[in-house]
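The values are calculated or read from the model by the stated rules, or taken from the named source; none is laboratory data. Note that the structure is predicted; figures quoted are calculated from it, not measured. Neighbour counts are summed over all protein chains in view; Cβ atoms, including those assigned to glycine, are modelled from backbone coordinates with ideal geometry.
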Amino acid sequence: MDIQSYLLLSATTFIIGVVGVLARRNAIIVFMSIELMLNSVNLSLVAFSAYLGDVRGQMLVFFAMTVAAAEAAVGLAIIIALFRRKQTVNLDDINILKW
Amino acid sequence: MFSYSPLIVLFPLLGFLFLGLIGWRLKNEKLIGIIGSGTVGLSFVVAAILFFQMLGMQPEERKHIVGLFTWISTFTGTPSSLSVSVGYQVDQLSILMTLIVTGVGFLIHVYSIGYMHGDAGFSRFFTYMNLFIFAMLNLVLADNFLLMFLGWEGVGLCSYLLIGFWFDRKFDTGGYKPGTATTSDAAKKAFIVNRIGDFGFLLGMLLIFMHFGSLNFETVFGRATVLSVGDKTVVWITLLLFLGATGKSAQIPLYVWLPDAMAGPTPVSALIHAATMVTAGVYMVARCSILYALAPTTMQVVAIIGAVTAVMAATIGLVQNDIKKVLAYSTVSQLGYMFLAMGVAAFAAGIFHVLTHAFFKALLFLGSGAVIHAMHDEQDIQKMGGLKKYLPTTYKTFLIAAIAISGIPPFSGFFSKDEILWKAFSSEYGSVVLWALGVLGAGLTAFYMFRLVSLTFEGEARYGHDVHPHEAPKTMTIPLVILAFLSVVGGFVGIPASLLGGNSIEQWLEPIFEPANDKLSLIPQAVTAGEYLLMALSVAIAAGGIYVARMVYLRRAELAEQWKAKFPKIYAMLFNKYYVDEAYDAVVITPTVKVSEAILWKGVDVSIIDGLVNGSAKLIGTIAQGIRRVQTGIAQQYATIFVGGILVILIWLILK
């Protein structure tokens, strides 16, 4: 089994996620990019788990997915609350926590 | 049987604690007064029992030390080991002082019940007074220098507290800072001037420890007996200790606090600033007589300072108009006599004068208190006169005290003062000059005392019709009568051999001063015709002083005015107390204030210390001002930096 293609895919999606987080201004897109990064890591975990024949990698993925689900709920709730307050989800406009 | 001697010290301490902790809650003046004076009375009873038991013993058995506990113990086993215990030494000298302190103290406490009646700080007053007695008893009964110093500082503290007892009252310093001073200024002055003297005492004590390796009286004096006369270190020790004495006992150059100390309530002046605390210096010199005997130079200094103080203070007393100020200068002058006695190696005579002076000076102060009480806080004798009609008891007792202090036989002052004058003349350490100064002072004393009596009690009334003088209550007059009795008979314990007496006080104190007298190798004086001649001369001068004062102030009042007009410079100089306060102000106080303000405050404190503190804060602030711009509030910028950091680390890891 070739692990390299899995890792390549994982790295690619991770970088897409990073670029999304850094470059996009829409909070929902940024949020989705974060999820993409999480899942790319999950992918590499599963790939290593299968490659090494060790089930612990997959167990960790389940944990990550559970936490990600909860985090998604909280994150979306924050974005909705933010939108209600500022009528925008553009991150450049949300900058009051500064000097 | 000596084992209960610490009780003497314990009672006033209990009184102080009780009154200090719950006394202010008691609304009952009578109860507070009974507790306050009762504790001192109990101490007196214990001391008196002890005294009578000592009378029945052999002289060498009379000394006894009761050690209570170890106070300080360091470097044990090394040459510099210091061990100080709280222990009380009862001997001929300390029991005498204890009897004076508790006996006169008790009478003054009783008097205070009447004098302080209705005062808002009634219980506070008795609290401080009991604390004073406690400290004073520690001073006189201590068996080592450190405990003595504790008492020494303690009485200074109580003096401060009691001078400033009416801390919100205005106080006339007599020209200096007019109209602005309050009694707390007088209290501070007393405290600070005493601090100078106390520093001398402290240095002397350290030097004693270095030289003798101990602070115990027994050890130090024992080791001192083998030293030779003129030992350099001992000269310094005695000079420093004497500096302490000049502070506490108001001698030149540190006497200036005592006249201002009259700002306190009159019983305080009687107890602390006449009868007991101010004699602490004399007691200390007497206690260290062996050290002084080793230092003839210091003896000379003591004698000269004593004699000069005696005359100088007496001349100032001639023209003062405040009844208490006159008595204050009189006290300074009489203390001068005591130091004169110490300086001419007449230790017993000095202590004898402490005893008689305690009686008649306490009486004079208490009498003046009764007058002030009767005149509703008026202290100016120019606004009195003719009071003997209204205050018969006060007048009679005051007169007795005035005769006693003037040195007219057979009143107590005659015996003690004459003893000092004779010793000043005949002792190897005395001289004609010292004697002449003493006699001059005695004449002046008689003059100003009878000026005081005449202006206050006799002649025409010079006060307004709205003043109705009245005799003091019984609690005040009874102590007056008892003290008057003591002022009359107190001298009989020291009738000299020339007057067919045994001079029992000198014999009683003999063992205390024996080592010092051995060192000095004094030749016992035989009774000579000269002694009678000098005695007659000093009595004649005293009587002359009385006569002149009575003539001037009762019959020919215009004479006083004429003299004033004839010698305006001398009068102004005396009235302004030789401008000593002004001189100290110009030489010490003003420069200190100026230097403190310009250099210490505005230079060191504001520029350097505040500059360092504020400067470091400002530096951090300026740096932060620039750096804080990094925090933009845009989360994505943080994330970018974060990722950039990770990339740097990754590249470093890969290239490594």
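Just a few scattered comments:
- Pair list, Cβ < 6 Å and 6+ apart or interchain, from region A:14-31 residues that are more than 9 Å from every other protein chain (Cβ to nearest Cβ) and closer than 12 Å to B:Ala635 by Cα to residues that are at pLDDT below 95 and assigned to a helix (DSSP H, G or I): A:Ala27/A:Ile79; A:Ala27/A:Leu91
- Qualifying residue in region B:372-391 (condition: on the phi < 0 side of the Ramachandran plot, hydroxyl-bearing (Ser, Thr, Tyr) and buried (at least 24 other Cβ atoms within 10 Å of the Cβ)): no
- Residue check, B:Ala442 more than 29 Å from B:Leu537 (Cα to Cα), of a type outside the set (Ser, Thr, Tyr), part of a helix (DSSP H, G or I) and touching a helix residue (DSSP H, G or I) at 6+ places or on another chain (Cβ under 8 Å): no
- For region B:300-311, the set of residues classified as surrounded by fewer than 24 Cβ atoms within 10 Å (Cβ to Cβ) and under 21 Å from the mean Cα position of the chain (by Cα) consists of B:Val301, B:Ile304, B:Ile305, B:Val308, B:Val311, listed by residue number.
- Only one entry of B:Ala635, B:Ala624, B:Ala639 meets the criterion of being farther than 30 Å from A:Arg24 by Cα and either free of Cβ contacts under 8 Å to residues at least 12 places away in the same chain or more than 10 Å from chain A (Cβ to nearest Cβ) (or both), and that entry is B:Ala624.
- Single unsatisfied condition, A:Gly75 versus (1) surrounded by 13 or more Cβ atoms within 10 Å (Cβ to Cβ); (2) away from chain B (no Cβ under 14 Å): (2)
- Any hit, region B:150-164, residues being touching a Ser or Thr at 6+ places or on another chain (Cβ under 7 Å), at pLDDT 90 or above and not assigned by TED's automatic domain parsing to the domain that holds B:Leu21: yes
- Just one of the listed residues (B:Met384, B:Met449, B:Met476) is farther than 14 Å from B:Leu363 by Cα, in contact (Cβ under 8 Å) with a residue 12 or more places away in the chain and not aromatic (Phe, Trp, Tyr), namely B:Met384.
- Taken over region B:1-33, the criterion of being surrounded by fewer than 22 Cβ atoms within 10 Å (Cβ to Cβ), part of a helix (DSSP H, G or I) and over 24 Å from the mean Cα position of the chain (by Cα) is satisfied by B:Phe2, B:Ser3, B:Tyr4, B:Leu7, B:Phe18, B:Leu21, B:Ile22, B:Trp24, B:Arg25, B:Glu29, B:Lys30, B:Leu31.
- Every residue from region B:404-432 that is of a type in the set (Val, Ile, Thr) and in contact (Cβ under 8 Å) with a residue 12 or more places away in the chain: B:Ile405, B:Ile408, B:Ile420
- The selection criterion, being away from chain B (no Cβ under 14 Å), surrounded by 15 or more Cβ atoms within 10 Å (Cβ to Cβ) and not charged (D, E, K, R), holds for A:Phe48.
- Of the helices (runs of 4 or more DSSP H) contained entirely in region B:483-592, those carrying at least 3 residues that are of a type in the set (Asp, Glu) and out of contact with any strand residue (DSSP E or B) (no Cβ under 9 Å at 6 or more places or on another chain) fall at B:504-520.
- Checked against the criterion of being assigned to a helix (DSSP H, G or I), touching a Lys or Arg at 6+ places or on another chain (Cβ under 8 Å) and buried (at least 24 other Cβ atoms within 10 Å of the Cβ), the candidates B:Ala245, B:Ala270 yield just one match: B:Ala270.
- Selection status of B:Val354, in contact (Cβ under 8 Å) with a residue 24 or more places away in the chain, buried (at least 23 other Cβ atoms within 10 Å of the Cβ) and part of a helix (DSSP H, G or I): yes
- Near pairs, Cβ below 6 angstrom, 6+ apart or cross-chain, from region B:574-592 (in contact (Cβ under 8 Å) with a residue 24 or more places away in the chain) to any residue that is hydroxyl-bearing (Ser, Thr, Tyr) and in a helix (DSSP H, G or I): B:Leu574/B:Thr315
- Members of region B:66-79 found to be touching a residue at least 60 places away in the same chain (Cβ under 8 Å) and out of contact with any Ser or Thr (no Cβ under 8 Å at 6 or more places or on another chain), listed by number: B:Pro79
- Leading residue by the ranking (farthest from the other protein chains (Cβ to nearest Cβ)) among those in region A:82-92 that are surrounded by 14 or more Cβ atoms within 10 Å (Cβ to Cβ) and in a helix (DSSP H, G or I): A:Leu82
- Of the residues making up region A:61-73, those that are in contact with a helix residue (DSSP H, G or I) (Cβ under 6 Å, 6 or more places away or on another chain) and not β-branched (Val, Ile, Thr) number 2.
- When B:Gly644, B:Gly615, B:Gly603, B:Gly611 are checked against the criterion of being in a helix (DSSP H, G or I), of a type outside the set (Val, Ile, Thr) and within 14 Å of chain A (Cβ to nearest Cβ), a single residue qualifies: B:Gly644.
Yes/no matrix, rows are residues, columns are (1) over 24 Å from B:Gly438 (Cα atoms); (2) surrounded by 15 or more Cβ atoms within 10 Å (Cβ to Cβ); (3) not assigned by TED's automatic domain parsing to the domain that holds B:Val226:
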{"residue": "B:Leu483", "(1), (2), (3)": "yes, yes, no"}
{"residue": "B:Gly491", "(1), (2), (3)": "no, yes, no"}
{"residue": "B:Glu514", "(1), (2), (3)": "yes, no, no"}
{"residue": "B:Ala536", "(1), (2), (3)": "no, no, no"}
